[in-house]
Each structure stands twice: as C-alpha cells, then as structure tokens.
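The values are calculated or read from the model by the stated rules, or taken from the named source; none is laboratory data. Predicted model, so just to flag it, every value in this text is computed and none were measured. For neighbour counting, all protein chains shown are included, and Cβ atoms are generated from backbone atoms with ideal geometry for every residue, glycine included. Just so you know, the surface numbers come from the protein's heavy atoms only, side chains and all, with ligands and any DNA or RNA stripped out. Shrake-Rupley method; radii C 1.70, N 1.55, O 1.52, S 1.80 Å.
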Amino acid sequence: MERLKSMVPDTLKAVVGASSADDILSTAASLLHFFLALPEFQLMVRDLADPERCVCGKNKDAALDAKQKGNRCFSSADFSGALAFYSQALIVAPFDARDKDKNLVSVLYVNRAAALYKLGFKIECLRDCNRALQISPGYAKAWYWRGKINASSENYEDAMADLHVANLMETSSGGKRQIEGEMKLLQVQFTRTSGSLTQHDENIFKISDVPHEVKVKSIVMPHKGRGMASTGEIPPSYLVHSEEPYAAVILKNCRHRYCHYCFNELPADVVPCSFCAIPRYCSEHCQLKAGGHQSRNNVEEVSLHVEVPTEIENHIREVTSENWEEKISEHFPEHRHECLDANWPAVLPHEVVLAGRVVVKSLVQRRDLVEIKALDLSYSYTELAVEVKLELCIYAIVLLVCLQRSPSLDLPVNPYFVYQIIIIMCQIRLNSMAIIRMKSSDPNTLQDPHRKLSSNEAASASTIEQVSVGQAIYAVGSLFNHSCRPNIHAYFLARTLFIRTTELVEAGCSLELSYGPQVGQWSSQDRLKFLGEKYCFRCQCRSCSVVNLSDLVLSAFHCVHPHCSGIVLDTFDIKSETEKLKQSRHAGDIYSLEPYVQVDKFGDLYAGEMDHNAQEKSYSSLHAGVGYCLKCGSHCDLESSHLMVSKALGNIKRLQDGIVRKELSSSLLSNALESVDQLRKVLHAYNKSIAEAEDSIAQAFCFIGELQCAMEHCKSSIQILEKLYSPDHVVIGYELVKLLSIQLSLGDVDAGETLNRLGIIFEHHYGSHAAVVFPYLKSFKMEARKLC
C-alpha cells in the first residue's frame, strides 16, 4: 500500500486531499484511470488474485508432510504435538486427495481422533471419528477409534456396535484379531443401561430472553444526527435489541484462536474450510454457514461382502448420514467468494475484506450487478486526512479489481463501482462494531466450571481482559449513538449483538452506548481526541460538557498538605475543565464545581447548583488554578511531581514486564511497593495510575503465591475504580472476578459477599446471558457455598 501511495503524483494526491463527499466519483475516476495504466499495480493485483500465485490454497504435499510429522510425534507419545500437526494437515489437505487407498482427509481425521483420545478430549475425538466416517463410511480404523471412545465413556452399546462394524470392514487378519480382543474386553462391561457421550453444537444458543416489548424508534438528534430512542419507559437490565450482523470478519491476529464464523474460541478439533486454507471453524455448522458445503459426491461407497444384521445396518446409516446442510436455513455464505485460490482475503486488511463481504452480499441478494445499495448508514469523508482518503480510494480500487476476478460476480471495473465501495468503506469506518470476548492470561483457567482455582491459576484469573476478535456491521445496532456515560450495554453471544439498558430510561430518552472511551477510563481530552479522530465528531454528552468528579481526579495531583483532600490539576486538565465551564455558561447550565473540589462526599456526580456569580467565581479560580489546590489554594511544584511520578511508574512497568516474562525478583516487587507509596503521596487519592499500580502489585503477589497481600492490593485498586466509574459499573464486575478468584483460593469467608455483588452487576448488564458469557460463575458459586 505504501508503495502504491508513493506512486500517486502530488497533483493527484492534492486533488484527493481537497475532495469532499460530492467529489468522490470524480476522484475515483482519476485514480482508477491512473492505476489501471500502471504496470506495478497490475503486478500487485496478479499477486493478490491470480490462482497460480496463491499460497492460501490446498496443498497435498504440505498436508502429507504435516501428517508425517504428526505420526512421529504420536509415536514418541507427544500427543499435543501430534494434534497440532494433524490439524495443520487438515487445514491444507484437498478434500479429494488420496493417501494410498484412503481419502486423505478421513485419514487425518482418524489420526487426530487418536491424538484427542490420548489427550482425554472425548467429545472432540467422537466428532472427528464421525467426520471421517461421513467421508469414508467403510473406514475400519475410524469405526475402531469410535468404539474405543464410546467404551471409555461407558457408552457400551454403541461401542459394541462400532467395533462390530470395524471387524466387518477390516481386511487384515492382524487388524481383526486386535478388534476382536477389544470386543472381548468390552463384553465384560457391556450393559444396556450404559451412559452416552452426548454431542451438541455449543455455538447454537437457545436464548429464552427476548427483547422488551417497549418499541425502540429511530430519531434525529441535534449535533448527533440519527439515533435510537425508546417510545416508553424501560427499566434497568432489559433487553431492548438483538441482531445478527449484516457482515462480519475475524481480525487477523485472532485467526488461529477463534472461529472465523461465530468468533468463539476454537476447540481442539478445528474444522477447516473444504476449499481453501484460510478459515478455521469450531464446527460444521459454522463452516457451512460461512460458505462451505459438504462434498457428498466424494463420499466413498460402503462395500460389505457378508450378511449384516439389520441393527448394524441401521447403526452405520445413523452414524454416516449426518447432513449439516439440511440444518442450515437460508443463509448468505459470506466466505464463498473469497474461496477461489486467491491471496487477497488473507493479505488485505480485515476492514477491506469486510467491505468485500458487504459488497457481495448486497449484489447477490439484490441480483443486481449494476448498483450497490447495502446499508442506510451515515459516513464521513470530507473531514478525513489526506492520507486516509488516499488509502481508502486505493483499497477500494484494489478490492474491486480482485472481486472482478471472481467468476460468480463478473463485476464491471468502473468509477461508479469504486465510488460505491469507497462509501461502504467509510460507513464501515464510522459504524462498525468490535466483537468482544473475555480473555485471561491463561485461556484454560476459567473455562472449566467445575474446577477450583489453584494459587497460580488465581494469578491468571487476575489478568482478565476484554479483547476484540472480530469486526461487524449491524444495520440497526450501528444507529445507536455514543455517550461517555452510556445508559445501555452491548455484548455478543457468538456473532449476535445484544443491547440492554443499564439504568431506568424514560420515554423518549436517547439510548446511547459507548463507542470505546468512557468516564473513568480516559480523561475528557483523551476521549474527545479519540472520538474526533476515529468517528469524526466532537462528543457533547453530559460528561464531556459538565464538570464531573471522575474527570477531575482521574489524573489529578495531591495537595502539598497531606491532610488536604483538594485537587491539583495540570495544564491540560485545567484547559479541558475550563472549556466545560465555558460551555455550561454559554448554555445557561448551573452545575457547580464546588462539591467535587471538596472531595468529601461521593453521591450524585452531577449534584449541586449555584447562582451565576458562584459559577463565575469557579470559572475564574479554575482558569488561574494550574498547579494550585482547588480547595486550599496551596501551590504544587508540578515539574518535580511529574519527575517523581515518571520514576515510580517506571518501576511499576518493570514489575509488569517481570510478570510477563515470569521472572519476578524480590527487588522488582520491593521497588514497586515503594513506588506505590510514592504515588499516593504525589497523586490524588483517586488518580487512576494508583489503581493500575495496585492491580499490578496484586498480580505480582498472586504470581509468588502470597494471596493475602494480593487480595489487599486488589481491594485497594477496586476502591479507586469505584469512584472513577460507579460501584455497579460492569468494569467493577470484571475487577470483582479477580478479587473473587483470590478469595476462593484463600478460603476467605467474604467471598460470598463478593460473589453476590458480582452476580448483581453481571445480571444487570447481561441478564439471563450472564452464565453463558461467564461460564466460570457456576464454579465460583459452588466454591462460595462450601465456604458458607
């Protein structure tokens, strides 16, 4: 991309930079004409779209090589290594490739099933056996391993039937003797009242929660444009909206860990795409919805040369006739146009790939290859920087030329189509949503809802965070406006968006979620900068327009008098808060700064009225208050304070690095403890840097097994965050997960109280879905009951 941008003449670049939304079509025409005549552009397109240059396609030799490496690992009892190599082989193995006299894919499924069996993944092993048998119903080894896993799960009836079929299919005398030996051992355990190994698709949620009956309507708001509001009063925690995405795509850095369709974490038995080596899915259900299909024409016929009992025939038919395609309702296959032996879906940025999915879905569903009418969403173009405009235009041209190579589309490469794709990319830039998952430093720590956490695992649980795994565009969900103090909460189950109220919403009130920054998370100036750069608007929500406690103390300094609770603000904070007072004065608002200067009472952050003279007095003192305590007027040497804070935070950073490297020395921890004491002397008591330092020290104490100290520092961090956010904010819930994991490991009787708070917060924000989003809550409840 940088090379292409550098080739654009300065005169043309200037035209692009000066272009407005009305000029996009003419700008697209000029750039398209320039690039189509450029040899370097044609060469790049060939690298991206020519099947002969594809490195993302299936490759039998690569699959056989990975299979051999897996076999060597299996022989040396390195079953985890074998699992990884067999999975890699499945990703690149052509569906119709042969391995001697067997279908290569079915061989790989059976080999991986054996590795899964050795590692104790029972359900995953069974699924792989079934996959192999649906391709090769006469594969004796697949029936054998299916019998083994059913026997180990005490599903003796199916196990005996599996081994019976395996014995019928097996042609070698040695193989038959081995199977017959297993059947004799199993005969002793056989019982008609045996258990069963239940298969289920964990990604198909049966949600009983339905949106509240109060209607949500689209409105036009001053300074914000279109938004969503309620037509009636809605109580807290009500589900007001749920929606499937118009289009979605996985982030590049998440491709090997999360399903490319539902975005849930991949299981051990990853399912590949049938035709290319890019996607990984958690199940056939997701594979088919994304655009794959079962190649039933490649399924091998079963040849039995002996008479088979009717019940065995029925068993074979039941196991091998699974057809996921019949279970998939009409659904747009968003990956299919990318599955054409081309590199561009793997190489281009995920936002561009998402734009391609929007384009193709619109054209295919409308059966119109002339005009794209996909989304009725706003966009910003004129306000964008020159480099951003140029990049959008070039990517639109590249995407169109790559899509044009698809035989199923046959798109015209003309300025009007480029123009339409630029609009779509601008809409995605402004309206797309990040699909979020919860992650701990050890992904297995909180996955088993029946296992108590050890001390080391408590350390892992103490680093829970939200991570973005995908990007999606929602036709209605994208209409909800932003507030830095939102009244609704958005979350995801698989790819489905759910939105709940977090407080009482009056009739006609705007429903607003956070686009990222919130009060308590970032300072007012940082929030405004982020929203302006990314979404091209200046936030005018109440928190960005009225002086509030959180913004005042977030990065404030301590008064030089130890017992004074006043706030000392830096230049940037003074400027930001002064601007709020200017806006309040201009708008006629009469909200006081004085209740927050005292910092003695934490109630309603917007409480307190004053007359015009008092407001003028606050404005004057704030305007002249850089480095001065807003309570007692004492002066603070901010230059020396900044140096002390920088040194202290440097020690905290070295502690964090030591935790990551798992090289935590006593000197690192000692220096960090001294640094926190120093921060408390220099910074205001509710400065967020103190909370973050306390959290890092809690992680360090967890790491070395001193959980009592970890618990105290974790509590100290939470106490500050409660002032910056609010006691019932979802962020406090995430912090309580850390505290609760430590308390349960200690056997602390206060764990029950923490669990109750955690349950209330999560139910408030996730409703009945809390147990799905946070499966470890069940384990926490079990452990807390034991303590009580």
Accessible area of the range 371-433 belonging to carbon and sulfur atoms, whole % at 1.4 Å probe: 49
Å² per residue, accessible surface of the range 1-118 at 1.4 Å: 48
May I ask which of Lys653/Lys781; Lys361/Lys389; Lys389/Lys575 have a Cα-Cα span longer than 27 Å here? Lys653/Lys781; Lys389/Lys575
The range 625-723 - accessible surface per residue (Å², probe 1.4 Å): 47
Under a 1.4 Å probe, counting only protein heavy atoms, Arg177 has an accessible area in Å², nearest 10, of 150
For Lys100, list the lysines whose Cα falls under 17 Å from its own Cα; do not include residues on the same chain fewer than 8 positions away. Lys60, Lys67, Lys141
On a 1.4 Å probe surface of the protein chains, which of Leu740, Leu528 comes out largest in accessible area, and what is the full order? Leu528, Leu740
Tally up the carbon and sulfur contribution to the accessible surface of the range 635-788 as a whole percent, 1.4 Å probe, everything protein left in place. 53
Along its three principal axes, how long is the range 74-119 when you only count alpha carbons? Whole Å, largest extent first please. 29, 19, 15
Starting from the Cα gyration tensor of the range 677-788, take the square roots of the eigenvalues, sort them a ≥ b ≥ c, and report rounded, prolate or oblate (rounded when a/c is under 1.5, otherwise prolate if a/b is larger than b/c, else oblate). oblate
Quick check for you: with a 1.4 Å probe and neighbouring chains kept, what is the accessible area per residue of the range 493-548, in Å²? 36
For the range 706-717, in order, what is each residue's ³J(HN,Hα) by Karplus, 6.51 cos²θ - 1.76 cosθ + 1.60 with θ = phi - 60°, in whole Hz (x at glycine and Pro)? 8, 6, 5, 5, 4, 5, 5, 6, 5, 4, 4, 5
Send over the Kirkwood Rh of the range 726-788, from the inverse of the averaged 1/r over different Cα pairs, rounded to one decimal Å. 11.5
Full-extension gain in nm, Leu12 to Lys217, via 0.36 nm per residue minus C-alpha separation: 69.4 nm
Report Rg(Cα)/(2.2 N^0.38 Å) for the range 397-436, keeping two decimals. 1.38
Take peptides 108-118, 773-783 and line them up by average Cβ neighbours within 10 Å, highest first, as a rough protection proxy. 108-118, 773-783
Simple spin-label estimate for Val386/Lys647, 7 Å along Cα→Cβ, in nm, reads 4.5
With a 1.4 Å probe and all protein chains kept in place, how much accessible area does Arg46 have, in Å² rounded to the nearest 10? 90
Counting only other residues whose beta carbon sits under 11 Å from that of His315, what net charge do I get with K and R as +1, D and E as -1? -4
Taking N as the number of residues in the range 9-71, what is its Cα Rg relative to 2.2 N^0.38 Å? 1.96
Starting from the Cα of Phe530, step 7 Å along the direction of its Cβ; do the same at Ile760; then give the gap between the two resulting points in nm. 2.8
Report the label-to-label distance for Asp99 and Arg257 in nanometres (one decimal), using points 7 Å from each Cα along the Cα→Cβ vector. 2.9
Over 17 Å, how big is the tail of the calculated P(r) for the range 465-581, in percent of all Cα pairs? 63
